[in-house]
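Below you'll find the structure, written out as structure tokens, and then a few comments.
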Amino acid sequence: MLSERSDYVVLEADEFDRSFLKLKPYLALVSSADADHLDIYGDDRSVKESFVEFGGLIKAGGILLTKKEIELEFKERDEVCHLRYSLEDQEADFFADNIRLVDGLYCFDFYARGAVMKDMVLGVPGMVNVENAVGACAVACLTGVGEDEMRRALCGFKGIRRRFDYRIKRDDLVLIDDYAHHPEEIKATIRSVRALYPKRRVTGVFQPHLFSRTKDFYKDFARSLNQLDELIMLDIYPAREEPMEGVSSHIILDLVDLPVRKIVDKKKLIDEIKAVNPEVLLMMGAGDIDKEIDKVANALR
């Protein structure tokens, strides 16, 4: 993100093809180092080694900010300040406390290296976004942003497309669209939905992304999806890959233990969704499931 009023350039670093190793940032925030893109890295160890290498690219006098729960052995450098943030771990340099729901949005106290900003209101739902907000506020503090500016920005932020994106929000029906395509992302998204709608039946529509990712993580996908009440799956979106023998959405579904679980063709998706009469419908995936969102939303309206 560029701004004529700021000396900073903010961007998202992508570990997919190791392209983030071409960066030399002043400040880097590492929010996750979960095993992924094993078609590129080969194994979890190589993924973690790549993140450690990224941490070593921070400029002298810069800052490395990591989520406290991430287990990475970064090389400590005297010329780089290594700080940690967390959702609620009070041993971190930055964390949230007194988290509560107010009119459907999360309100919390933000602790920043001993200082506290009370009653911060986040303009988007989801506990996962509270954790993201702590990291964003930490970066803001470290780059000289004032408390009033932070409050306005948090409250005014309305999210981005396909990240806990409300498409329908009625008393009788909620439809949320989310880009989640890794088991940990799916788990966090479903937990956020559960926290907001603890007494509602949650139906998930999930499209796996890549044959290789499905092969590597099908057991983890099943464990995450088991948090739902009902599951409708689409076939794997191949993206850049050719099919792999023995790899399909069925290897996930076979490990899911839900009373309603099925794989459907996209042409029949709307009919299948209507048949289960969802209360909270969560559509997830990084493939072409995004082309189905408007169709589903219009049909349910």
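In segment 244-260, how many residues are assigned to a helix (DSSP H, G or I) and open to solvent by 80 Å² or more (accessible area, probe 1.4 Å)? First the steps, then the outcome.
The initial filter retains those residues of segment 244-260 that are assigned to a helix (DSSP H, G or I), namely 250-253.
With the extra rule that they be open to solvent by 80 Å² or more (accessible area, probe 1.4 Å), the set shrinks to 250.
Total meeting the criteria: 1.
Need a quick list: strands (runs of 3 or more DSSP E) entirely within segment 131-231 having at least 3 residues that are open to solvent by 10 Å² or more (accessible area, probe 1.4 Å), at pLDDT 95 or above and touching a Cys at 6+ places or on another chain (Cβ under 8 Å).
Numbers: elements: 165-169, 174-178, 202-207.
Result: empty, no element qualifies.
Taking only segment 63-94 into account, find how many residues are of a type in the set (A, V, I, L, M, F, W, C), assigned to a strand (DSSP E or B) and either under 19 Å from residue 50 (Cβ atoms) or open to solvent by 20 Å² or more (accessible area, probe 1.4 Å) (or both). I'd like the intermediate steps shown before the answer.
Within segment 63-94, the first condition is being of a type in the set (A, V, I, L, M, F, W, C), and the residues that meet it are 63-65, 70, 72, 74, 80-81, 83, 87, 92, 94.
Okay, now just the ones that are also assigned to a strand (DSSP E or B), so 63-65, 81, 83, 94.
Then drop every residue that is not either under 19 Å from residue 50 (Cβ atoms) or open to solvent by 20 Å² or more (accessible area, probe 1.4 Å) (or both), which leaves 64-65, 81.
Summing the residues that are of a type in the set (A, V, I, L, M, F, W, C), assigned to a strand (DSSP E or B) and either under 19 Å from residue 50 (Cβ atoms) or open to solvent by 20 Å² or more (accessible area, probe 1.4 Å) (or both) in segment 63-94 gives 3.
Report yes if residue 14 is at pLDDT below 85, surrounded by 13 or more Cβ atoms within 10 Å (Cβ to Cβ) and part of a loop (DSSP other than H, G, I, E, B), otherwise no. If you could, list the steps in order and put the result at the bottom.
Numbers: at pLDDT below 85: yes; surrounded by 13 or more Cβ atoms within 10 Å (Cβ to Cβ): no; part of a loop (DSSP other than H, G, I, E, B): yes.
Judged against the criteria, residue 14 is not a match.
Output the residues belonging to segment 261-287 that are among the aliphatic types (A, V, I, L, M), open to solvent by less than 40 Å² (accessible area, probe 1.4 Å) and not in a loop (DSSP other than H, G, I, E, B).
To start, the set of residues in segment 261-287 that are among the aliphatic types (A, V, I, L, M) comprises 263-264, 269-270, 273, 275-276, 280-284, 286.
Narrowing further to those that are open to solvent by less than 40 Å² (accessible area, probe 1.4 Å): 264, 269, 273, 276, 280-284, 286.
Matches in segment 261-287: 269, 273, 276, 280, 281, 282, 283, 284.
Condition first: among the aliphatic types (A, V, I, L, M) and either open to solvent by 50 Å² or more (accessible area, probe 1.4 Å) or assigned to a loop (DSSP other than H, G, I, E, B) (or both). Now tell me which residues in segment 26-62 satisfy that. Walk me through it before giving the result.
Of segment 26-62, the ones among the aliphatic types (A, V, I, L, M) are 27-30, 33, 35, 38, 40, 47, 52, 57-58, 60.
Passing the criteria: 29, 33, 35, 40, 57, 58, 60.
Yes/no per residue for (1) under 18 Å from the mean Cα position of the chain (by Cα); (2) within 16 Å of residue 292 (Cα to Cα); (3) not β-branched (Val, Ile, Thr):
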| position | (1), (2), (3) |
| --- | --- |
| 176 | yes, yes, no |
| 179 | yes, yes, yes |
| 187 | yes, no, yes |
| 197 | no, no, yes |
| 213 | yes, no, yes |
| 217 | yes, no, yes |
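Which one of these is touching a helix residue (DSSP H, G or I) at 6+ places or on another chain (Cβ under 6 Å), within 28 Å of residue 177 (Cα to Cα), among the hydroxyl-bearing types (Ser, Thr, Tyr) and modelled with pLDDT of 95 or more: 85, 106? Working first, answer last.
Numbers: 106 fails: modelled with pLDDT of 95 or more.
None of the others qualify; the one that does is 85.
Can you spot a residue in segment 238-252 that is within 19 Å of residue 279 (Cα to Cα) and of a type outside the set (Val, Ile, Thr)?
Residues of segment 238-252 that are within 19 Å of residue 279 (Cα to Cα), as a first pass: none.
No; the residues of segment 238-252 include none that is within 19 Å of residue 279 (Cα to Cα) and of a type outside the set (Val, Ile, Thr).
The values are calculated or read from the model by the stated rules, or taken from the named source; none is laboratory data. From a predicted model like this one, the values you see are computed outputs, not experimental measurements. Backbone-built Cβ (ideal geometry, glycine too); neighbour counts: all protein chains shown. Accessible surface areas use protein heavy atoms only, side chains included; no ligands, DNA or RNA. Shrake-Rupley method; radii C 1.70, N 1.55, O 1.52, S 1.80 Å.
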